[in-house]
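Below is one structure, written out as structure tokens; comments come after it.
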Amino acid sequence: MSFTPSDHIQKILQNLPQKPGVYLHKDKNGRIIYVGKSVNLRHRVRSYFANKVDRAKTERLRRAIADIEIITTDSELEALLLEMNLIKKHRPHYNVQLKDDKRMPYIKIHWGDPYPKVTVTRRMTRDGSRYFGPYTSVWAVHQTLDLLRKIFPYLTCDRTITGQDGRACLYYDIKLCNGPCIGAVNQTQYRAMIQQLMDFLNGKSDHIIKQLEDRMNRAAEKLQFERAAEIRDQLRAVNKVVAKQKVIAAAHTDQDVIAFAREQGDACVQVFFIRHGKLIGRDYFLLDGAEDESDKDVLQNFLTQFYDSAAHIPKEVLLPHEVDEAMVIEQWLKQKRSTKVSLQVPQRGKKKELVEMAAANAADTLATLRQQWAADRSKHVTAMNELQEALKLPAPPSRIECYDISHTQGAQTVGSMVVFVQGAPRKSDYRRFNVQTVGNDDYGAMKEVLTRRFQRYKESLAGELHDSSQIGKIKKETAWSLLPDLLIVDGGKGQLAMAMEVLAQFGLQDEVPLTGLAKREEELFLPGQKQSVMLPRRSEGLYLVQRARDEAHRFANEGHRKRRAKVGVASILDSIPGVGPKRRQTLLKRFGGLEGLRAATIEEIASVPGVPLSVAEAIKTHLA
């Protein structure tokens, strides 16, 4: 099918520079729908509008292009970096991207601190800390740390370590901290232990095992059997972790092995992390927008996005095939690592076997996921069809909103709105409401929550009609701008009547199907119907309604706890003479919370700008 670009696009194509840079394709609303780079912008951008294109995806893309923005750079490397930043910022629809931009959990060693702590994080910052991972789940990280802390008893508290404290905490007594706070070890000794922990996480375990064995034997020779037994338990913990690290390469090897599998538009990348010759971990990543893309483009897009935020850049990256801009990517990785990085496509031997193993794992993972997705889709379709039939809905409820209220005797009341789309939770559309107008009145709280929700709907609708410049913003706010196919309130006839009143107020009583779910018998009450609806006990429809109700309850309770805790801290500090809202905020920001403030000395509190010594003394007295 022939395609003729608009006059505006043709004028842009005539004036394109033959320089390296980045191009941004935009739709009619000004949204960026694709970001690309090229060593020659003129040739690359014009290729989208050739008489024939080889991909259906390109055909769809070029028909959506209403404008093109060009940014020239001095080199291919600059173009690569700019492209990555723009894709990360705008997440264009037609680009290949890591699905959900998932951030993997890492172990963080706060090496920049005098006495480094060990925490778990999903975000890496340049603060002098060292990061290890990624791990497949937060559960896997904590399981690893539970074992490691028996070997390397690191700090977890927020104390300021001086070595002069009168007594240590419980963790010192149960041998999960080596007590730098009381001077049981000095700073040099503590940091040496943390260095051993980092070596261990890097796969260097042989010398640590040897040291522990020597210490255990010496303790036994001196008849210090209790100490020998402690070290024996540490050795067991070490061996339990090491047992999961398969030796698959030479001792000095520092590699990532990357391969992927594709099926019907889905793409799954598998990464093996090899450190000091040991497979210390592996993970998979799903990609969006990979349909109709070449294997080279899929792999190259993954490499740039993955290593943009990776904690560690290895010496070697093994790949299943070449990528077009290997030299530019190697140059970029060298800058990040500060030493040479090699992208290799092994043709034979052990390295090729590793790539094939990663590819087989990727194929197995993708097959398992596709089976799971198919089963989930089947259950979700069944559930929605059952709800349509039972509740006499005009169509299967693809978008369900469920509401709940949480409070303690009317205090710090929080309402929740959770959203399920096609039977699955869409957490980006969840919302909480801090209820302001009522106290111990669930009905009044529900009325306020629903009123605020549908007021936002009316506002978003008015924005669409009267301000076209806000369309992009409104589309992002789907939590407000879309009406539910089924609205569920957690409660019986009373809550249902309140919801009916709010819908009538906004003229939506005929547009939004509504039901109230009573907890005791799991009954569904419908407007204008005396008899409740009882879904079959083992039906997918009932399971979906229960999941939505339970999720709304959890989300409301979580918000209530946070609000209650915040008010609790404020009330404690506000009762101290000389501490007002401004000082309270400054103190909490400086010490992180009440525990940090309690652990601080009078001198440390008085060192905070705006806090005189008399107020610092009052704080210590009040919190003692």
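Looking at Q371 and the list (1) over 25 Å from F525 (Cα atoms); (2) touching a Leu at 6+ places or on another chain (Cβ under 6 Å), which single condition is not satisfied?
Failing condition for Q371: (2).
Test Y106 against the criterion of being of a type in the set (S, T, Y), surrounded by 18 or more Cβ atoms within 10 Å (Cβ to Cβ) and modelled with pLDDT of 85 or more, and give yes or no. Show your work before the answer.
Details: of a type in the set (S, T, Y): yes; surrounded by 18 or more Cβ atoms within 10 Å (Cβ to Cβ): yes; modelled with pLDDT of 85 or more: no.
No: the conditions fail for Y106.
Residue-wise test of (1) among the acidic types (D, E); (2) touching a Lys or Arg at 6+ places or on another chain (Cβ under 7 Å).
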{"position": "S6", "(1), (2)": "no, no"}
{"position": "N15", "(1), (2)": "no, no"}
{"position": "K28", "(1), (2)": "no, no"}
{"position": "I32", "(1), (2)": "no, yes"}
{"position": "H43", "(1), (2)": "no, no"}
{"position": "T58", "(1), (2)": "no, no"}
{"position": "E78", "(1), (2)": "yes, no"}
{"position": "M84", "(1), (2)": "no, no"}
{"position": "R91", "(1), (2)": "no, no"}
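Please list, ordered by first then second residue, the pairs with beta carbon atoms under 6 Å, 6 or more apart or interchain, first in the stretch 296-319 and farther than 18 Å from P92 by Cβ, second of a type in the set (D, E, K, R).
Within 6 Å, the pairs are K296/D324; I313/K336; I313/R337; P314/D254; P314/D256; K315/D254; V317/D256; L318/K351.
Are any residues in the stretch 433-451 surrounded by fewer than 18 Cβ atoms within 10 Å (Cβ to Cβ) and either outside the structural domain of A556 (by TED's automatic domain parsing) or not aromatic (F, W, Y) (or both), and if so, which ones? First the steps, then the outcome.
Kept after step one, since they are surrounded by fewer than 18 Cβ atoms within 10 Å (Cβ to Cβ), are these residues of the stretch 433-451: 434, 436-441, 443-444, 451.
Answer for the stretch 433-451, where residues must be surrounded by fewer than 18 Cβ atoms within 10 Å (Cβ to Cβ) and either outside the structural domain of A556 (by TED's automatic domain parsing) or not aromatic (F, W, Y) (or both): N434, Q436, T437, V438, G439, N440, D441, G444, T451.
Looking at (1) more than 15 Å from A599 (Cβ to Cβ); (2) among the β-branched types (V, I, T); (3) assigned to a loop (DSSP other than H, G, I, E, B), can you tell me which one I161 breaks?
(1)
Residues of the stretch 29-59 being more than 12 Å from P5 (Cβ to Cβ) and either free of Cβ contacts under 8 Å to residues at least 24 places away in the same chain or in a loop (DSSP other than H, G, I, E, B) (or both), which ones?
Of the stretch 29-59, the ones more than 12 Å from P5 (Cβ to Cβ) are 29-44, 47, 52-59.
Scanning the stretch 29-59 gives N29, G30, R31, V39, N40, R44, S47, K52, V53, D54, R55.
With the condition kept exactly as written, say whether any residue in the stretch 390-399 is part of a strand (DSSP E or B), in the same structural domain as R547 (by TED's automatic domain parsing) and in contact (Cβ under 8 Å) with a residue 24 or more places away in the chain.
In the first step, residues of the stretch 390-399 are kept if they are part of a strand (DSSP E or B); the result is 399.
Restricting the remaining residues to those that are in the same structural domain as R547 (by TED's automatic domain parsing) gives 399.
Filter once more, keeping what is in contact (Cβ under 8 Å) with a residue 24 or more places away in the chain: 399.
Yes, there is a match, as at least one residue in the stretch 390-399 is part of a strand (DSSP E or B), in the same structural domain as R547 (by TED's automatic domain parsing) and in contact (Cβ under 8 Å) with a residue 24 or more places away in the chain.
Could you list all residues from the stretch 16-42 that are surrounded by fewer than 18 Cβ atoms within 10 Å (Cβ to Cβ) and closer than 17 Å to V328 by Cβ?
K19, V39, N40
Please give the number of the condition L235 fails out of (1) within 30 Å of L366 (Cβ to Cβ); (2) at pLDDT below 85; (3) buried (at least 16 other Cβ atoms within 10 Å of the Cβ).
Among (1) within 30 Å of L366 (Cβ to Cβ); (2) at pLDDT below 85; (3) buried (at least 16 other Cβ atoms within 10 Å of the Cβ), L235 violates only (1).
Somewhere in the stretch 38-59, is a residue at positive phi and either in contact with a His (Cβ under 6 Å, 6 or more places away or on another chain) or not hydrophobic (A, V, I, L, M, F, W, C) (or both)? Quick ask: steps written out before the conclusion?
So in the stretch 38-59, the residues at positive phi come out as none.
No: zero hits.
Taking K278, is it more than 29 Å from I33 (Cβ to Cβ) and modelled with pLDDT of 90 or more?
no
Looking at L366, L333 in this structure, which one is in a helix (DSSP H, G or I) and under 25 Å from Q264 (Cβ atoms)?
Numbers: L333 fails: under 25 Å from Q264 (Cβ atoms).
Result of the check over L366, L333: L366.
Could you grab me the full set of residues in the stretch 363-397 that are of a type in the set (S, T, Y) and out of contact with any Phe, Trp or Tyr (no Cβ under 9 Å at 6 or more places or on another chain)?
At the first step, the residues of the stretch 363-397 found to be of a type in the set (S, T, Y) are 365, 368, 378, 382.
Scanning the stretch 363-397 gives T368, S378, T382.
Among (1) touching a residue at least 40 places away in the same chain (Cβ under 8 Å); (2) surrounded by fewer than 18 Cβ atoms within 10 Å (Cβ to Cβ); (3) of a type in the set (S, T, Y), which single condition is S378 missing?
Failing condition for S378: (1).
Which of the strands (runs of 3 or more DSSP E) contained wholly in the stretch 61-121 include at least 2 residues that are in contact (Cβ under 8 Å) with a residue 40 or more places away in the chain?
Values: elements: 67-72, 106-109, 118-121.
Here the list reads 67-72, 106-109.
Take F454 and decide whether it is aromatic (F, W, Y), crowded, with 16+ Cβ neighbours inside 10 Å and free of Cβ contacts under 8 Å to residues at least 60 places away in the same chain.
On the way: aromatic (F, W, Y): yes; crowded, with 16+ Cβ neighbours inside 10 Å: yes; free of Cβ contacts under 8 Å to residues at least 60 places away in the same chain: yes.
In short, yes.
Being outside any loop (DSSP other than H, G, I, E, B), without any contact (Cβ under 8 Å) to a residue 40 or more places away in the chain and more than 32 Å from the chain's Cα centre (by Cα) narrows it down to one residue among A192, A184; which is it? Reasoning before the result, please.
Working: A184 fails: outside any loop (DSSP other than H, G, I, E, B).
A192 is the lone residue from the list that is outside any loop (DSSP other than H, G, I, E, B), without any contact (Cβ under 8 Å) to a residue 40 or more places away in the chain and more than 32 Å from the chain's Cα centre (by Cα).
The values are calculated or read from the model by the stated rules, or taken from the named source; none is laboratory data. No experiment lies behind these values; they were computed from the predicted model shown. Positions of Cβ are generated from backbone atoms using ideal geometry, with glycine treated the same way; all protein chains shown enter the neighbour counts.
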